[in-house]
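J.: Have a look at the structure that comes next, please.
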Number of protein chains: 4
Amino acid sequence: MANFQGHALPGSFFLIFGIWWSLKYSFRYLNQKGKSRKMNYYYRKIEIIDGGMRVFFAAVGILAEQFVPDGPHLHLYNDHDWIKLMNWQHGTMYLFYGISGLMDMLTFLFPVVPLGLDRLLMSLSAVIEGILFYYHVHNRLPLDQHIHFLLLITVIGGATSTLIEVFLRDNIVLELFRASLCIAHGSWFWQIGFVLYPPSGGPAWDQTSHSNIMFITMCFCWHYLVAIIIVAINYSLVCGLVNRLKRSRGEENIGIQKLTSGSNLHEALLNDTDEE
Amino acid sequence: MANFQGHALPGSFFLIFGIWWSLKYSFRYLNQKGKSRKMNYYYRKIEIIDGGMRVFFAAVGILAEQFVPDGPHLHLYNDHDWIKLMNWQHGTMYLFYGISGLMDMLTFLFPVVPLGLDRLLMSLSAVIEGILFYYHVHNRLPLDQHIHFLLLITVIGGATSTLIEVFLRDNIVLELFRASLCIAHGSWFWQIGFVLYPPSGGPAWDQTSHSNIMFITMCFCWHYLVAIIIVAINYSLVCGLVNRLKRSRGEENIGIQKLTSGSNLHEALLNDTDEE
Amino acid sequence: MANFQGHALPGSFFLIFGIWWSLKYSFRYLNQKGKSRKMNYYYRKIEIIDGGMRVFFAAVGILAEQFVPDGPHLHLYNDHDWIKLMNWQHGTMYLFYGISGLMDMLTFLFPVVPLGLDRLLMSLSAVIEGILFYYHVHNRLPLDQHIHFLLLITVIGGATSTLIEVFLRDNIVLELFRASLCIAHGSWFWQIGFVLYPPSGGPAWDQTSHSNIMFITMCFCWHYLVAIIIVAINYSLVCGLVNRLKRSRGEENIGIQKLTSGSNLHEALLNDTDEE
Amino acid sequence: MANFQGHALPGSFFLIFGIWWSLKYSFRYLNQKGKSRKMNYYYRKIEIIDGGMRVFFAAVGILAEQFVPDGPHLHLYNDHDWIKLMNWQHGTMYLFYGISGLMDMLTFLFPVVPLGLDRLLMSLSAVIEGILFYYHVHNRLPLDQHIHFLLLITVIGGATSTLIEVFLRDNIVLELFRASLCIAHGSWFWQIGFVLYPPSGGPAWDQTSHSNIMFITMCFCWHYLVAIIIVAINYSLVCGLVNRLKRSRGEENIGIQKLTSGSNLHEALLNDTDEE
């Protein structure tokens, strides 16, 4: 959907998941410090629901792309040309994110599924989105191309970092990084909507101006900055909550516990090897 | 061979090996769970046959490229120009895949050959294919170029993932990923044949149309989706088979065994380190 | 600030930090050889001051970019166009380096902050600088473009190597590499200033000459060579100092101690795993 | 030196070192199997001589580039333009390879030098060669550009694989890969000399013909194939020699020793971790 709604919809999906992930991973990391890290029943449940929500959102996206009034309504080809390829392409993106959600569900439902395939498919969904976007914007105006290429940066970053998670699972740094990229990805979709299809009905931006391109580049950096700040705030809130929970259960405070342990060197690496 | 057969032949080779690998690696992974992972006599045999088949297929490919009626028949240069360079290039690709198969055989026949060289040469075969393809399609029509560049994506993915296998050997996630890329690689060869040399004799596709390029990009994603589904089905079938085998031998069911072990965190990493 | 001072300022910042890092990391590595590597109170202090200085320098940079006589003075947009985007972009770069310094401080002040986030943010600051520079120089003269692209090489190298430090923390090879890139980054800023805005007031370089471009490429290599030499000298000086310190405290000499240990193979890897 | 000799000289250097490395690393790997891998006095000596030879070759290269009859004779700039920048650039390449050799010597002479810096500098030498070559060939004829870009492939491969050696030191797969790339690098220099400056005095190749470019691409693959075969032959010869040596010393045969050990899975990884 080449309009404001068509960018606001995926933007909202990514924003919601980015924020949710920053909370989920912060909680798991802070709650499990110093404890055995067996994934218990509740975590498993949450992961399955997480995957299920992604499947649901993907289905909503596909249906919206197909059955909006000017959508293809499942027609792909008439006797002369392809029909509404843009909508079909967007649907393909949603489809892969849905498959990735399905894989998450399967991974935590059936232990026979090898761990890591869920992260691999999540990474591949981003790669697919990248391929589609890259060839999406040929023959467009400079600003339109540029604003979509900046989107690709978050896509490439997300694909790479999630690919590393295949091998370094449950690494809090990578998980928070993924959450921040997801937030920036979502907010940038909104930004694209505002720039290319101003909802206020005002005049569109001059798509050939070099200074607009320079501003948009910088604006992208600011979006990512805001994403970092959101993740930092969420982490702090969860940290406060977990401390309060532990105190009410009579456990010692996280902060103090770690401070007295003297050294937190190599913790990142240890996180991935201490059970082996 | 710049015709339908010339694309169907390598396409079939890659399809066969992709499907075979998805079965082989699934079986080895599922059959060895919880057991010592010593590579026994039968696995070694299978690996040698696997390599041998690749050598055989490569030889077939090289001979076909050389001795088809319009082939170069081992002539490389006459007094004015190079002869049938296309066929020679295709032959070079087959040659490297044959060398890779030979290396597999040597690795499992002679223990003195360092492990990892087989994967390195497999990765290099893909790199060589990539280099040849990349310079293959200069000065062609846009659709022709684009459809070959999409092939490059599977080649690059395969080269990278196989290179990681040099260091993370016997990682089921990487092995299934390689199988899926191999299937998509093969089916995409068939797609190229159908698009550029329609066997039905119908009119060829308009090679300059932008919407054809957009469709082909999306079509590539669908091919990969089908490859994922094939691998998933094969994995499920093998899982059912192994469960039946184990039950008939009085062993416990895989699924149950893993479910009760509580946590399968870090298994991917553990797979590579538990014997060290 | 598109003048000599605007390049000399960040150049000096990077030079100072590169030299300081080459001293700091050499000292920590040489002083801790063979001892337990618990990060003690003083190292923690130094890291916090290090981060604080980066926040301070970033603030100086931002204020300078905003409030020089021809700066934007916090105005971003008037009724026709964006105001002084160049200064805003430079300010954004400083901002991210400041955030990275802040993250360093937080990491060593609050143990609840996961280790590795400081390196991730440092890597991201370099990525942001890279993105801004890459789109900064469109539509400029060839030499101007080229000299900025060479700067990008140090930025990309620094971003990549710091990203690896997220996973391989306290690796002396990576740390010295980062220091050398930082020095070359700084000295190259000075070089850009001398080439594009000769402070002597002499004639500027011919920006379209191919031989100027060839010389500048080679000159960049020489800058990096000087950076390597500076790091080597600093390492040797610190080594002499630490030896003298240890002798005065009655400890054995580093050199001898290591020579007798017979093998220093795998030390680089061991450095990252010996405490696990 | 833009003539046949100017390409034959570095070509010979790389060929000699590639072949020497394939012998050295094969011997060390095969001789140390099953034994403690302490680096003894003789290995250390060999490494120092290896580095010293590289310094010597680099010095020869620099002097040749400076003092050939049409060389710059240490003059860099006259009042109008840069003098013989090509020779200066080649000299810079030799310089960095010399620095890398010096670093090897320092690493094995002074135990206080951190291990890994030698590999890092070797990787950087290749990067520097890559940067210089990349900007070297702008504004040349298509075949000239293409034949140099193919050289870049071996440079990039070598830089990447040597960079991995910083972290996975003494990995035989990476070492043999480096040797094979080094041989192909050297033989390709000779090929460039034959194509661009035919020593027979015959007519030069048509530098704009597309079929020449296609042939050269394939020819590059064949060069690499020959490099692989050379490394394989050297490995086999060393293997036979080591077996004979061990038999004469009453030790068991390598091949048998490994065959009976049942499993050689993960050996590549084990090679890097078994001493930790």
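J.: Give the range D:108-119 a look and list any residue that's part of a helix (DSSP H, G or I) and crowded, with 23+ Cβ neighbours inside 10 Å, or say none. Before you say what the answer is, go through the steps one by one.
T.: Initial filter on the range D:108-119 (part of a helix (DSSP H, G or I)): D:108-109, D:117-119.
Within the range D:108-119, D:Leu117, D:Asp118, D:Arg119 meet the criteria.
J.: To continue, here is another question. So, in the range D:187-201, how many residues would count as being touching a residue at least 60 places away in the same chain (Cβ under 8 Å) and either within 14 Å of chain B (Cβ to nearest Cβ) or among the small types (Gly, Ala, Ser) (or both)?
T.: 3
J.: Another question about this same structure. Taking A:Asp144, is it away from chain B (no Cβ under 12 Å) and of a type in the set (D, E, K, R)?
T.: Yes: the conditions hold for A:Asp144.
Per-residue answers, yes or no, for (1) more than 22 Å from C:Ile153 (Cα to Cα); (2) of a type in the set (Val, Ile, Thr); (3) modelled with pLDDT under 90:
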position	(1), (2), (3)
C:Val55	yes, yes, no
C:Pro72	yes, no, yes
C:Met86	no, no, yes
C:Ser100	no, no, no
C:Met103	yes, no, no
C:Met122	no, no, no
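J.: Regarding the range C:13-29, can at least one residue be identified that is loosely packed, with under 14 Cβ neighbours inside 10 Å, on the phi < 0 side of the Ramachandran plot, within 14 Å of another protein chain (Cβ to nearest Cβ) and touching a helix residue (DSSP H, G or I) at 6+ places or on another chain (Cβ under 9 Å)?
T.: No - not one qualifying residue is present in the range C:13-29.
J.: Of all the residues that make up the range B:45-88, how many are more than 23 Å from B:Ile19 (Cα to Cα) and part of a helix (DSSP H, G or I)?
T.: Summing the residues that are more than 23 Å from B:Ile19 (Cα to Cα) and part of a helix (DSSP H, G or I) in the range B:45-88 gives 9.
J.: Take the residues of the range D:38-78 that are more than 13 Å from chain C (Cβ to nearest Cβ) and of a type in the set (D, E, K, R): which is surrounded by the most Cβ atoms within 10 Å (Cβ to Cβ)?
T.: D:Arg54
J.: Can you pull out every residue in the range B:211-257 that is under 30 Å from A:Asp81 (Cα atoms), modelled with pLDDT under 95 and either more than 11 Å from chain A (Cβ to nearest Cβ) or over 28 Å from the mean Cα position of the chain (by Cα) (or both)?
T.: Of everything in the range B:211-257, just one residue is under 30 Å from A:Asp81 (Cα atoms), modelled with pLDDT under 95 and either more than 11 Å from chain A (Cβ to nearest Cβ) or over 28 Å from the mean Cα position of the chain (by Cα) (or both), namely B:Ser211.
J.: While we're here: Condition check: within 11 Å of another protein chain (Cβ to nearest Cβ) and either part of a helix (DSSP H, G or I) or surrounded by fewer than 20 Cβ atoms within 10 Å (Cβ to Cβ) (or both). Does C:Leu151 satisfy that?
T.: No.
J.: Can you tell me how many residues within the range B:80-99 are over 17 Å from B:Leu124 (Cβ atoms) and touching a Cys at 6+ places or on another chain (Cβ under 6 Å)?
T.: The total comes to 0.
J.: While we're on this one: Being touching a His at 6+ places or on another chain (Cβ under 7 Å) and without any contact (Cβ under 8 Å) to a residue 60 or more places away in the chain: is that true of A:Ile83 here?
T.: yes
J.: Same structure, new question: So, in the range D:89-141, exactly how many residues are closer than 20 Å to D:Glu65 by Cα, in contact with a Ser or Thr (Cβ under 8 Å, 6 or more places away or on another chain) and more than 9 Å from every other protein chain (Cβ to nearest Cβ)?
T.: 4
J.: Got a sec? Which of D:Ala184, D:Ala159 is of a type outside the set (S, T, N, Q), surrounded by fewer than 23 Cβ atoms within 10 Å (Cβ to Cβ) and touching a residue at least 12 places away in the same chain (Cβ under 8 Å)? Reasoning before the result, please.
T.: Values: D:Ala184 fails: surrounded by fewer than 23 Cβ atoms within 10 Å (Cβ to Cβ).
Just one listed residue meets the conditions, D:Ala159.
The values are calculated or read from the model by the stated rules, or taken from the named source; none is laboratory data. This one's a predicted model, so the numbers in the text were calculated from it and none came from an experiment. Positions of Cβ are backbone-derived with ideal geometry, glycine not excepted, and every protein chain shown enters the neighbour counts.
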